[in-house]
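The values are calculated or read from the model by the stated rules, or taken from the named source; none is laboratory data. Since we're looking at a predicted model, the values are computed, not measured. With ideal geometry, Cβ positions are generated from the backbone for all residues, glycine too; neighbour counts draw on all protein chains shown. Accessible surface is based on the protein model in full, side chains and every heavy atom, while ligands, DNA and RNA are left aside. Shrake-Rupley method; radii C 1.70, N 1.55, O 1.52, S 1.80 Å.
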Amino acid sequence: MAISLRGVQVPHRKHTKDTPVEYMTEVKSVTIPMSMHIGKPARPCVKVGDPVCVGTKIGEADGAVSSPVYSSVSGKVTKIKDFLLSNGSSCAAVVIESDGEMTPDPALTAPAVSSREQLLDAIRESGVVGLGGAGFPTHVKFNVDPSKVEYLIINGAECEPYVTSDSYTMENRSEDMAYALRAISAHYGIKNVIIGIEANKKKAIDCMKQLGEQVKDCCNFTVKVLPTQYPQGGEKVLVYKAIGRMIPVGKLPIDVGCIVINCTTLAAIGSYLQTGMPLVNKCVTVDGATVKKPGIVIVPIGTSIQDVFDYCGGLTAQPAKLIYGGPMMGITVPNAEAPIMKNTNAILALSEKEAKLPETTACIRCGKCTNTCPFGLAPAEILRAYDKKDAEALDKLLVNGCMECGCCSFVCPANRPLVQTNKLAKIFLREEKAKEESKS
Amino acid sequence: MSNQVKLAVSPHIHSGNSTRRIMLDVLIALLPTTIAGAIIFGWKSLIIIAACVASCVGFEALFNLITKRRQTVGDLSAAVTGLLLALNLPVVEQNLGITIFQCVIGSLFAIIVVKFLFGGIGCNVVNPAIAARVFMLIAFGSMAKVGLPVVVDTVSSATPLSVETAEQLPSIMDLFLGLRGGAIGEVCVLALLIGFVYLLVRKVITWHIPVVFIGTVFVASLFMEGFDVMMALTMTLSGGLFLGAIFMATDYVTSPSTAWGKIIFAFGAGMITFLIRYFGTYPEGVSFAILLMNILNPYIDSWTRHKILVAGGKKA
């Protein structure tokens, strides 16, 4: 490969990597939002008082870019309420009181898949969305012309500190992954499958090599060992490392001939194809210095993070920050009532010390931001252009190419809000362009 | 607990690097040459260092106080400016009081005129220590003289750059160890190289500027000296080239960010140094060379941005 993409060395803090997984089954009630994906929220299809089982559909996909939602417990719908999402918008959420039985829906059967259309339907009905964190409905990714797909690239990089749930998948769910791979390769004719894993995950690499042997009959499966450097799991970074093609700004992986899918997403598809049980629970890493017993827990979707913390022995101190996902790109949560969502791969309760950031001082033009940006953007310049509200300069600096990985802010010795400003600048640029369009 | 957690935009962790840490590293890297300077030029050099550091830090504190800005002396950048300025000054035969006075005026120029009147740290157009050094060279005749070592008495009278005959030249080993005339911190190349290695290991600077700067002067001198390697080496080890290339030209604010930018910047500085040394009226040109390249820096920086890899067909 011509250019080695830059990045940063982050602390790994994978405390939970060798802890045995635990299943959390005793949940009193769950709150399941209808929007746990990118796109239109699902439409609730149950009423208050309806009895539901594990896997009963409670939300119907609404439109092309949407995903159905299923009950994660058996019991009774007690409330349908407004739910505030972390991006500030709101959607409906179904509250279900559990009867403690966790009875699976008797109507569930493994889907019959004998054509590509049926496979696509199955992926849609599984309720699976990008489980690495993005939450993009997986069936939309697969709704493409199969002749365009040269590669299926599986994301097993897991480059965020703390997070270990993808490692769990790779080490324990290779059967599910193999099942999904066989179906996809059969109906899409994808022969080349590449999984990218950071070099420090030895066990996962071994397991995936074994998986490669298992699926030799249907595809050419290769394990691409990535350097242990954040952000290897960024979609564009991963694709570039795997096949040497860069996805330009505004384009999708399919434009360079590949589909990218997270390893846990793939396993979830495999599990649905085998059993018909849709996505109802989620493997999450529970960590942070204030968690008494950090671990990997399989949790019914909709369980409040407070209940998960309680399951892990509770919190030993007041956390400074609660985070969905890893500390580099994760989203802070205002309170522990927030539920585990489809795309939640970790919940962190960081202590004051862990969450402490240095004070922001003046830019000393050290160039560390631009020298660590995997794409070679100039975050300090973008910040100056944004301060001047200079849309033209922002466009020239290609702020829209930013994947928001946060390397720039992480390395900045002045702790300037660099990636934070990139996000604002992208919104600003979008608004400016909309204004221009409405004028002309 | 619900009401007490912080909400913030990611990232939620930081590398821990800081301006203060970087400046501290520069101070540590300057320690060997400071000690060498004190040994070679005697106790008077320590007075000069103390005067410059104290007045630079003092002026910064005072300016912040008067203009009601946040106090920034804690970032140690004023201390670095003070130390660099002192290391660029010679120990000359004159009343110590006058020397201290000159140091205070030089520091005033560095901190107030060059740094703060342009907006403070990160906003100065040229390196404050270099600008102040050039200011003192022009303003005070005595500061244009060459400091003489006190440790040895057999050393040739002047800096090798201003001697007339080859017999007066110090040996390569003397030059490497710093047994020659010059400014406090510029003579001991060995000590400067130790500092260079430290800065590289700590990833404070990259190799580009020092190596290209020094390399350019060496190669250009080699041509001028008719491929006499020893003469070219003598030229390279003389004057303030190593101090300038390692510590002054690598100042973040006034040098380019990218590797190619640094290479162009350093090549330019090397060529100007060479031209002044061989064809100019001043015996030494490192300070002027860096000063001139500082002024060109914004242009070099904007010409040499990284290629944006996600640009695709769109022109970045």
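Here is how the numbers come out for the structure above:
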item	result
For B:LEU24, net neighbour charge (Lys/Arg +1, Asp/Glu -1) across residues whose Cβ lies under 12 Å away	+1
Rounded to 5, percent antiparallel among DSSP beta bridges of the protein assembly as shown	60
Positions from segment B:277-316 whose accessible area shrinks by 30 Å² or more when the full protein complex is built, not the chain alone, probe 1.4 Å	B:ARG305, B:HIS306, B:ILE308, B:LEU309, B:VAL310, B:LYS314
Formal net charge of residues neighbouring A:LYS47 (Cβ-Cβ distance under 15 Å; K, R +1; D, E -1)	+2
GNM flexibility winner over chain A from A:PRO33, A:PRO358, A:PRO41 (Cα, springs under 10 Å)	A:PRO358
Exceeding the 31 Å Cα-Cα cut-off - candidates B:LYS44/B:LYS115; A:LYS201/A:LYS396; A:LYS201/A:LYS282; A:LYS342/A:LYS433	A:LYS201/A:LYS396; A:LYS342/A:LYS433
nm² value of the averaged projected area, convex hull over the Cα atoms of segment B:19-303	14.0
Area buried, chain B against chain A - accessible surface, total, 1.4 angstrom probe, square angstrom	4400
Average other protein chain Cβ within 10 Å of Cβ, residues B:199-208	1
Hz values of 3J(HN,Hα) by residue in segment A:94-111 - Karplus curve (6.51, -1.76, 1.60), Gly and Pro given as x	9, 9, 10, 7, 7, 8, x, 8, 6, 6, x, 4, x, 6, 6, 9, 4, x
Rounded percent of accessible protein surface that carbon and sulfur make up, the protein assembly as shown, 1.4 Å probe	60
Bridge type composition, chain A - antiparallel percent by DSSP, nearest 5	60
Residue with peak Gaussian network fluctuation, chain A [Cα springs, cutoff 10 Å], from A:ALA112, A:ALA186, A:ALA349	A:ALA112
Cut-off under 5 Å, modelled amide H: who pairs with A:SER90 long-range	A:LEU85
Surface per residue (accessible, 1.4 Å probe) for chain A, Å²	40
Helical segments meeting 15 Å axial Cα length and Kyte-Doolittle 0.0 threshold in chain A (DSSP H)	A:263-275
Shielding by partners, peptide A:317-323 (average Cβ within 10 angstrom, other chains)	4
Pair A:LYS251, B:VAL151: separation of 7 Å Cα→Cβ label points (nm)	6.1
Simple label model, 7 Å out from Cα along Cβ direction - A:VAL48 to B:ALA144, nm	9.2
Given chain B, longest segment not containing exposed loop GluC sites (Glu not before Pro) (DSSP; at most 15 other Cβ within 10 Å)	B:165-316
Acute angle (nearest 10 degrees) that the helix B:43-66 long axis makes with the longest principal axis of chain B, alpha-carbon atoms	30
Distant-in-sequence amide H partners of A:VAL129 (H built 1.01 Å from N, under 5 Å)	A:THR138
Sequence-distant residues sharing a close amide H with A:VAL10 (under 5 Å, placed H)	A:TYR230
B:ILE47-A:TYR23 FRET efficiency (beta carbon distance; Förster radius 60 Å; 0.05 resolution)	0.25
Inter-site label distance for B:PHE223 and A:THR103 at 7 Å from Cα along Cβ, in nm	9.1
Accessible area per residue in Å² at 1.4 Å probe, computed on chain B	43
Members of A:LYS148/A:LYS426; A:LYS17/A:LYS293; A:LYS241/B:LYS307; A:LYS356/B:LYS68 lying beyond 23 Å, as alpha-carbon distances in this model show	A:LYS148/A:LYS426; A:LYS356/B:LYS68
Neighbourhood net charge (15 Å Cβ-Cβ; Lys/Arg +1, Asp/Glu -1) for A:MET277	0
Max mean-square fluctuation residue, GNM over chain A, Cα-Cα springs under 10 Å, options A:MET170, A:MET277, A:MET329	A:MET329
